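Here is the structure we will look at.
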Amino acid sequence: MSVAVAVTDSPEGRLALESAVAEAQSRSTGLLLINLTLHDFDTEEVPPGLEVTVINRSGRGDRDPVAAVIDEIDEHPEVDRLVLGLRGRSRVGKAVLGSVAQRLILRSPVPVLAVRTDRTRS
């Protein structure tokens with residue numbers, strides 16, 4: 001068993017990483033870190049002793065982020081949970097704009113743990 005996390009350069013990405021680390025530690029399992037940033041991930045952000053596999057993208061031309069995450073989950077059958085960071089969006093934003101997180105929640109082949117950065121309700 002393993003926990004996957006999609007990490008972005010945002011407060012939501014940082015919260016997702018923190019939550020995924022806590023989830024992996026509580027389940028005594030490894031962490032598959034899918035790096036959706038445009039730079040290599042520094043594993044010093046992960047506590048020592050936690051088994052972590054980092055998947056780095058090669059830049060903007062490297063697949064749609066949703067496809068990248070789904071592909072990696074499919075290639076790692078040990079993954080049984082995906083952790084995502086969310087932020088609140090306005091009603092107009094929800095109606096007009098797509099969201100990587102929303103698409104992942106709908107398409108993920110494994111259960112999703114979604115964590116929000118804001119605590120306000122819209």
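The values are calculated or read from the model by the stated rules, or taken from the named source; none is laboratory data. This structure is a prediction, so every number in the text was calculated from the model and none was measured. All Cβ positions, even for glycine, are placed from backbone atoms using ideal geometry, and neighbour counts span all protein chains on display. For accessibility, only protein heavy atoms count, side chains too; no ligands or nucleic acids. Shrake-Rupley method; radii C 1.70, N 1.55, O 1.52, S 1.80 Å.
A few comments on the model shown:
- Of all the numbered requirements in (1) over 21 Å from P111 (Cα atoms); (2) hydroxyl-bearing (S, T, Y); (3) part of a strand (DSSP E or B), T53 misses one, and that requirement is (1).
- Residues in region 1-58 that are open to solvent by less than 40 Å² (accessible area, probe 1.4 Å) and small (G, A, S): S2, A4, A6, S10, G13, A16, S19, A20, A24, G30.
- Scanning region 40-52 for residues that are over 18 Å from L84 (Cβ atoms) and touching a residue at least 12 places away in the same chain (Cβ under 8 Å) gives D40, P47, L50, E51.
- Selection count, region 54-79, where residues are under 13 Å from the mean Cα position of the chain (by Cα) and in contact (Cβ under 8 Å) with a residue 40 or more places away in the chain: 6
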